[in-house]
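S.K.: Please see the structure below; I have some questions.
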Amino acid sequence: MDDLLTELSQRLEKVKLGGGPKKIESHKAKGKMTARERISYLVDQGAELLEVGAFAGEGMYADEGGCPGGGVVTVMGYVKGRICIIVSNDATVKAGAWFPITAKKILRAQEIAMENRIPIIYLVDSAGVFLPMQDEVFPDKEHFGRIFRNNARMSSMGVVQVSAIMGSCVAGGAYLPIMSDYAFIVEGTGSVFLAGSYLVKSAIGETVDNEILGGASTHSEISGVTDNKYPNDAACLDAIKKVFDKMGHNDKAGFDRAEPILPKKKPTEIYSILPADRTKPYDMLEIIDRLVDNSDFEQYKELYGQTIICGLGRVNGWAVGIVANQRKMVKSKKGEMQMGGVIYSDSADKAARFIMNCNQQKIPLVFLQDVSGFMVGSRSEHGGIIKDGAKMVSAMANSVVPKFTFILGNSYGAGNYAMCGKAYDPRLIYSWVTGQMAVMSGASAAKTLLQIQEAALKSKGTEVDPEKEKELLDEITRKYNNELSPYYAAARLWTDGVIDPQETRKIISMGIEAANHAPITERYNVGVIQT
């Protein structure tokens, strides 16, 4: 665990360097703050801060020189006591150009703002679309056009959007700040236009510099495109603080909160509870006791369906319903030995009912994943595992209360789905440093893929000797294990990040606080289920 936490710290430090020390030095020489400095200046000092998508783009785009952090920093934080989302372009990474993962990351930030109806701040400093990859950025539904569609949708929903143009803001990207409720601009460094001076020259033959074309004075004094201009980054960020200082308050969802109490059992003991060997059993209740307030957890149907633990507790005062995979071997009253981390018919049945109860009682749901999948074999099939699993998926997928997911260990196959994986709209989803996500375990996948490759070679008349077989197996295992890494998933935004287990309580608390800004208006209806 020490090694994993050290690796996490080192990777985060690398991400925070963005385009590297030389690019940062060049950026600051223009009188500009870095993306992270802008966020640090804007948020309330001493308040909690949660980064979303820190590892986006890691290990991707090697041929293009990489895109650390996806070229943008996104956080959930507090400005003048108001919880909000901040999106800050990192101009030290390819001048803030938009890669495919940049689009995905900004869309994720907007999704969080829309789901929770919390304000969003855009700190714009981007050269626009990364042209060599324009076909992967520009035209599709989940590409950059969706960002401006979301601008319009959020405005109609009453979700506050405030923009600061602190550097380049070019072409289609110009619509993002101007479709916001406020559009501020920094003199000397901020500029916004549909086409820069070079393109204007080639398109219509006009010779004009960028400042006259779309600088702060032009848009604040002539066109009226921006609201006000400010002499530097700090002054512009101060203006945003003044806007937030005077906002009114909306209705709340009404999630219950009591006085926060720290867990009675030390959260740091989680490090020694989780075994290094993920095939070894452990008691998930010991983990839960170190996450909930006062280590007080009330189990639901404790003696039934024991491979899934369900129950009520509080996290930093907020009432939560927890659905967690039990990793130790258990014995049912029918005498069946059930493997830890596997979902059986009885546990799926229990979880479905518990999820329905939480929706009925307006209690947010927390999913703790360490799941190998659903039980297979004739006994399970004859017992109706598919319909029981479908019932659990239906109850979870149709939930109207906010859901939060954490991948503690394994997250394999349909188990990922039933335990509220990314496809099921968790408000936030994070992996512990110990997490792994894939359609099946590395060992199982490698052996299956080896059999497929061997069959393909034999069909071509190639015999595979034991030495060649081992070489193939090693190659497949190495590739698959890389894809199991929590950083591989985080790079592609299958999760919102990789975390130290100690951050779990903070994420749940901030997540529910944000969700409390969005009253539940939809009726809970699970639809047609087989009982």
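The values are calculated or read from the model by the stated rules, or taken from the named source; none is laboratory data. What you are looking at is a predicted structure, and each value in this text was computed from that prediction instead of being measured. So basically every Cβ, Gly included, is an ideal-geometry build from the backbone, and we count neighbours across all protein chains shown. Calculation scope for accessible area: heavy atoms of the full protein, side chains included, ligands and nucleic acids excluded. Shrake-Rupley method; radii C 1.70, N 1.55, O 1.52, S 1.80 Å.
S.K.: What ranking do 517-526, 338-347, 355-364 get when scored by the average of other Cβ atoms within 10 Å per residue, highest first?
M.R.: 338-347, 355-364, 517-526
S.K.: Estimate the FRET efficiency between D251 and D2 by the formula 1/(1 + (r/R0)^6), using the beta-carbon distance for r and 56 Å for R0, to the nearest 0.05.
M.R.: So the FRET efficiency works out to roughly 0.75.
S.K.: Starting from the amide H of F374, placed 1.01 Å from N in the peptide plane, find each other amide H under 5 Å away whose residue is 5 or more places distant or on another chain.
M.R.: I343, A414, G415
S.K.: Also: How far is it, in nm, from the label point at L285 to the one at M157 when both lie 7 Å from their Cα along the line to the Cβ?
M.R.: About 4.0 nm, to one decimal.
S.K.: Here's a follow-up. What is the calculated FRET efficiency for Y41 to I178, with r their C-beta to C-beta distance and R₀ = 22 Å, to the nearest 0.05?
M.R.: 0.40
S.K.: Still on this structure, please answer the following. Taking the Cα centre of segment 218-268 as origin, sum charge times position over the Cβ atoms of Lys and Arg (+1) and Asp and Glu (-1), and report the length of that vector in debye to the nearest 20.
M.R.: Dipole about the Cα centre, nearest 20: 520 debye.
S.K.: Let me ask something else. Provide the FRET efficiency to the nearest 0.05 for the S26-T521 pair, computing r from the beta carbons and using R0 = 41 Å.
M.R.: Efficiency, rounded to the nearest 0.05: 0.25.
S.K.: Give, as ranges by residue number, the residues of segment 291-309 whose backbone N falls under 14 Å from the point 7 Å along Cα→Cβ of I261.
M.R.: Once the point is set 7 Å along Cα→Cβ of I261, 291-298 turn out to lie under 14 Å by backbone N, inside segment 291-309.
S.K.: If you roll a 1.4 Å probe over segment 152-219 with all protein chains in place, what percent of the accessible area is carbon or sulfur?
M.R.: 59
S.K.: Next question. Please list 3J(HN,Hα) in residue order for segment 336-344, calculated via the Karplus relation 6.51 cos²θ - 1.76 cosθ + 1.60 where θ = phi - 60°; whole Hz, with x for glycine and proline.
M.R.: Ordered by residue, 3J(HN,Hα) equals 7, 7, 10, 6, x, x, 10, 8, 9 Hz.
S.K.: Solvent-accessible area per residue for the chain at a 1.4 Å probe radius, Å²?
M.R.: On a per-residue basis, 45 Å².
S.K.: Once both labels are modelled 7 Å past Cα along the beta-carbon direction, what's the Q502-A235 spacing in nm?
M.R.: Result: 4.2 nm between the two label points.
S.K.: Order M60, M510 by their accessible area, 1.4 angstrom probe, all chains in place, largest first.
M.R.: M60, M510
S.K.: Compute the distribution of all C-alpha to C-alpha distances in the chain, in bins of 10 Å from 0, and list the percent of pairs in each, rounded to whole numbers.
M.R.: Percent of Cα pairs in each bin: 4, 17, 26, 24, 17, 9, 4, 1, 0.
S.K.: Could you put M284, M157 in order of accessible surface area, largest first, with the 1.4 Å probe and the full protein assembly present?
M.R.: M157, M284
S.K.: Still on this structure, please answer the following. Residue separation times 0.36 nm, minus the C-alpha to C-alpha distance between T207 and R149: what's the value?
M.R.: So the extension gain works out to 17.6 nm.
S.K.: Considering amide H positions built from the backbone, and no H for Pro or chain starts, which residues 5 or more places from Q326, or on another chain, come under 5 Å of its amide H?
M.R.: I308, I309, G341
S.K.: Still on this model: Can you check what the net charge comes to around T34, using other residues whose Cβ is under 9 Å from the Cβ of T34 (Lys, Arg +1; Asp, Glu -1)?
M.R.: Summing Lys/Arg as +1 and Asp/Glu as -1 gives +2.
S.K.: Give a residue-ordered list of calculated ³J(HN,Hα) values for segment 223-229 (Karplus: 6.51 cos²θ - 1.76 cosθ + 1.60, θ = phi - 60°; whole Hz; x for Gly, Pro).
M.R.: Calculated HN-Hα couplings, in order: 7, x, 5, 9, 7, 8, 10 Hz.
S.K.: Now a separate question. What residues qualify as long-range amide H neighbours of V129, i.e. H under 5 Å apart, gap of 5 or more or another chain, H built at 1.01 Å from N?
M.R.: Amide H neighbours of V129, under 5 Å, 5+ apart: W98.
S.K.: Filter the cross-link list K422/K479; K94/K252; K242/K506; K105/K266; K242/K422 down to pairs whose alpha-carbon distance in this structure exceeds 29 Å.
M.R.: K94/K252; K105/K266; K242/K422
S.K.: Moving to a separate point now. Could you tell me the relative contact order of segment 382-476? Use alpha-carbon pairs under 8 Å, at least six residues apart, and round to a whole percent.
M.R.: Relative contact order here is 24 percent.
S.K.: Kindly report, to the nearest 10 Å², the accessible surface of D3 as traced by a 1.4 Å probe over protein heavy atoms only.
M.R.: The accessible area comes out at roughly 130 Å².
S.K.: Test of understanding: what is the full-extension gain from K479 to K242, defined as 0.36 nm times their sequence separation minus their Cα-Cα distance?
M.R.: The span from K479 to K242 would gain 80.2 nm if fully extended.
S.K.: Expressed as a rounded percentage, what relative contact order does the chain have, with Cα pairs under 8 Å and six or more residues apart?
M.R.: 12
S.K.: 7 Å from Cα along Cα→Cβ at both K141 and Q361: what's the point-to-point distance in nm?
M.R.: 3.7
S.K.: If you count, for each residue, the other Cβ atoms within 10 Å and average over each peptide, how do 323-333, 254-264 line up from highest to lowest?
M.R.: With the highest mean Cβ count within 10 Å placed first, the list reads 323-333, 254-264.
S.K.: Do any trypsin sites (Lys or Arg not before Pro) in segment 414-501 lie in a loop, going by DSSP, with at most 11 other beta-carbon atoms within 10 Å of their beta carbon, and if so which?
M.R.: K460
S.K.: Taking 8 Å as the Cα distance limit and 6 or more residues as the minimum spacing, I'd like the relative contact order of segment 129-208 as a percentage.
M.R.: 23
S.K.: Give the residue from I508, Y271, I385 lying farthest towards the positive end of the charge dipole for the chain; charges sit on Cβ (+1 for Lys and Arg, -1 for Asp and Glu) and the dipole is referred to the Cα centre.
M.R.: I385
S.K.: Moving on to the next point. For segment 228-285 and segment 183-216, what is the separation of their C-alpha centers, rounded to whole Å?
M.R.: Spelled out, the Cα-based centre of one part sits 40 Å from the other.
S.K.: State the percentage of accessible surface on segment 443-518 attributable to carbon and sulfur atoms; use a 1.4 Å probe and exclude ligands, DNA and RNA.
M.R.: 52
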